[in-house]
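Reviewing the structure listed below.
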Amino acid sequence: MPVVRVAIPVPLPQPFDYLAEDATTEDIGRCVRVPFGRGEKNGLILALPETAGIDPARLKPVIHIQRDVPRLPSDWMELVEFTARYYHAPPGEVVALALPPKLLQGKSTRKPALRATDLSERHRTGELPTLTTAQADVLATLRDAPAGFKAWLLAGVTGSGKTEIYLRLTADTLAAGGQVLILVPEIALTPQLEERVRARFPAARIISLHSGIATGARARGFRQALDGQVDIVLGTRLAVFTPLPGLGLILVDEEHDASYKQQEGVRYSARDLAVWRARQRNVPVVLGSATPSLESWRHAHNDRYHLLRLPVRALASALPAIRIIDTRRCRLDEGISPPLHEALAARLERSEQSLVFLNRRGYAPVLACPTCGWVSQCPHCSANRVVHLADRRLRCHHCGAVSPVPRACPGCGNKDVQPFGRGTQRIEARLAELFPAARVLRIDRDAARTPARRESLLASIAAGEADILVGTQMMAKGHDFPRLTLVGVLGADASLHAADFRAPERLFQQLMQVGGRAGRAQLPGEVLIQTEYPEHPLYRCLIRHDTDAFTRMELDQRLAANFPPFSYQAMLRADAPELAAAVDFLRRARIEAAPLAGSLIRLFDPVPMRITRLARRERAQLLIESDRRAALQDFLTRWLERIHALSAPHDLRWQVDVDPLEV
Ligand code: ADP
Ligand code: ZN
Ligand code: ZN
């Protein structure tokens, strides 16, 4: 009787074999219901092996193979298998991630009614903007390239018209009968891009896929894509797993964005999988950004990616002027320097919008007692709870623990406990005092708790219903507000001295992005950065908009330190109620690693994570590094087999993170 090998969503590294009387190779890629433990589970048939991996007498028969849904195509199966192999994740967990739950559970998704589309009316007939010279050059290079796989890095300053390039390429691919996959880093950025895409291709069948859409809609969209009845798929990292039988082009917008890397469960990078998929399907992929990642720059220097540049803005005459304000030389009023104060007043006078950027939400990062030294430490985490005055709460930004702001010090009863430091709420409150006539609007994760709230906040900004915006990184990305001409940056210095070697890269990207919000249309923009380190090389590069100089500098430092992108890393993390248990597990794992490592692998010592305690669990990590990706992969495969065989306390959890972004 045939044996089927099934990926089942459980945290075990291997697939499971079952008997299936009537199974054929036609069933590879179909969902199946099987007995598992004392219950039943749904899985995906990966293969029909010649012989079972276990004693044939112990094989159980499958319950039901779902044959009313078309099977998943072999290239999709390969993508899932590659993801499991490369990220060393259980295949069943990758299936559970990549496949909408409703499809895996075999709930029939009604076949959607589809509009018949006539190719000739697929494209908008209205006027297209005349391309700038740079855009025309870039497009010509892309169009002249021979068909097939090629990875392009489109480095274009903010507002240079990268999206216009995406749209033209999309039109080419649609006209040739192909499908287009467009990835964006965040849900918040999907509606506006979707709007532009729909406006350009009114007759195209577009589906939008991200973690915010309902399970039913996700399953329907996936099913439509599977049936080849979709022209454009637009979505966040999850969308990289959409089956696209006629895939002709992949676009990855803001390719540097850390959101492309999933930080839990299967720790995959959608950007990297997108490049893999383009190669697999032999189609071009364009990675676009104003501030490409150092990984991508290195590939461009190595000719693995082909570099395209858009050096000037499409609409505005120039990039915003960036000025550094030396805060050691002026008196700050609740964090606001006199030059920033003046600049804000000038914008108010001219009815232009300003943005004050501060990447710290809440009122103050800590509540403290000056008498006894009590601080608002979170009981579950090694972090302080943040003061939120809007609802008078102390809130842990790591585990979410909430309690009222105490009226007196819990340590000594002193009535004079004080908030220290500044968050967006405090800046918002002070700005409202300083500019009583201004409409001050705060946009952070607290103010925009739901997507609907966020949309309405963005709409009121676009409608000119706010004069001064106070925002976190949520405001840094993508948004286009024509009347916004001033960006003031507070508190950026903290990232200059962070322990993570990627901190300067992130800070530079973030400041370029947020600065890019200023003066996008006809009005000139200005960016004021308050700092105590005006001579810092990062700021020197920033004021000249010199991404190339910054990139060279950072790459030199990474090379000297042998950090990525010049080496490849993986991280083994463990967490348990007690730090000692986590560290002990990693120590034993390291002992297992030593004989396997050879000369190509560097093993570090287990160390507590920076935020050691999180939600009552204590965490440690062990870094592994190699100059060769293949050597690292090979080592991980052999090592993880041994780690799985280690005994561990029942309350210990561990995971491996390949190409980790947080180290
Ligand atoms: P990016 O994606 O590089 O940030 P966008 O594609 O959003 O830039 O373009 C910035 C602005 O310039 C948008 O308002 C867009 O409509 C406009 N734009 C882009 N290309 C052109 C062009 N060739 N002519 C006129 N306007 C353009
Ligand atoms: Zn006290
Ligand atoms: Zn906490």
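The values are calculated or read from the model by the stated rules, or taken from the named source; none is laboratory data. In this text, all values refer to a predicted model and were calculated from it rather than measured experimentally. Neighbour counts are summed over all protein chains in view; Cβ atoms, including those assigned to glycine, are modelled from backbone coordinates with ideal geometry. Note: accessible area is taken over every heavy atom of the protein model, side chains too, but ligands, DNA and RNA are not part of it. Shrake-Rupley method; radii C 1.70, N 1.55, O 1.52, S 1.80 Å.
Quick grid of which residues meet (1) part of a loop (DSSP other than H, G, I, E, B); (2) more than 26 Å from the chain's Cα centre (by Cα); (3) at pLDDT 95 or above:
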residue	(1), (2), (3)
A155	no, no, yes
A171	no, yes, yes
P185	yes, no, no
S208	no, no, no
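Taking strands (runs of 3 or more DSSP E) that fall entirely within the stretch 293-387, which contain at least 2 residues that are touching a helix residue (DSSP H, G or I) at 6+ places or on another chain (Cβ under 8 Å)?
By residue number, 306-310, 321-326, 353-358.
Could you check Q513 against (1) within 19 Å of A318 (Cα to Cα); (2) open to solvent by 50 Å² or more (accessible area, probe 1.4 Å) and say which number it fails?
Just one mismatch for Q513, condition (2).
Please specify each residue of the stretch 387-408 satisfying the condition of being within 16 Å of ligand 2 (Cβ to nearest atom), over 30 Å from R619 (Cβ atoms) and in contact (Cβ under 8 Å) with a residue 12 or more places away in the chain.
Within the stretch 387-408, none qualify.
Which of the following residues is open to solvent by less than 60 Å² (accessible area, probe 1.4 Å), in a loop (DSSP other than H, G, I, E, B), away from ligand 1 (no atom under 16 Å from the Cβ) and at pLDDT 95 or above: C409, C399? Steps first, answer last, please.
Details: C399 fails: at pLDDT 95 or above.
After applying the criteria, what remains is C409.
So T371 ticks every box in (1) away from ligand 2 (no atom under 15 Å from the Cβ); (2) farther than 19 Å from R422 by Cα; (3) β-branched (V, I, T) but one. Which box is left unticked?
It is condition (1) that T371 fails.
Among (1) farther than 30 Å from W297 by Cα; (2) within 16 Å of ligand 3 (Cβ to nearest atom), which single condition is H644 missing?
(2)
Considering the stretch 406-434 alone, what residues qualify as being closer than 15 Å to D391 by Cβ and out of contact with any Pro (no Cβ under 9 Å at 6 or more places or on another chain)?
Of everything in the stretch 406-434, those that are closer than 15 Å to D391 by Cβ and out of contact with any Pro (no Cβ under 9 Å at 6 or more places or on another chain) turn out to be P406, T424, Q425, E428, A429.
In the list D22, D68, D17, which residue meets the criterion of being over 25 Å from A225 (Cα atoms) and assigned to a loop (DSSP other than H, G, I, E, B)?
Only one candidate qualifies: D22.
Scan the stretch 412-428 residue by residue and report those that are within 26 Å of L490 (Cα to Cα) and either among the acidic types (D, E) or surrounded by fewer than 20 Cβ atoms within 10 Å (Cβ to Cβ) (or both).
Residues satisfying the conditions are Q418, F420, G421, E428.
Are any of the residues in the stretch 647-657 modelled with pLDDT under 95, farther than 20 Å from R502 by Cα and of a type in the set (S, T, Y)?
Yes, the stretch 647-657 contains a residue that is modelled with pLDDT under 95, farther than 20 Å from R502 by Cα and of a type in the set (S, T, Y).
Looking at A521, A466 in this structure, which one is more than 21 Å from the chain's Cα centre (by Cα), at pLDDT below 90 and not in a helix (DSSP H, G or I)?
Of the residues listed, the single one that is more than 21 Å from the chain's Cα centre (by Cα), at pLDDT below 90 and not in a helix (DSSP H, G or I) is A521.
Within the group R619, R573, R610, which residue is charged (D, E, K, R), assigned to a strand (DSSP E or B) and open to solvent by 60 Å² or more (accessible area, probe 1.4 Å)? Steps first, answer last, please.
Values: R619 fails: open to solvent by 60 Å² or more (accessible area, probe 1.4 Å); R573 fails: open to solvent by 60 Å² or more (accessible area, probe 1.4 Å).
Going through R619, R573, R610 in turn, the sole match is R610.
Pull out all pairs, ordered by first then second residue, where Cβ-Cβ is under 7 Å, the residues are six or more apart or on different chains, the first lies in the stretch 142-167 and is under 22 Å from A321 (Cβ atoms), and the second is away from ligand 3 (no atom under 16 Å from the Cβ) and hydroxyl-bearing (S, T, Y).
A155/S289; G161/T132
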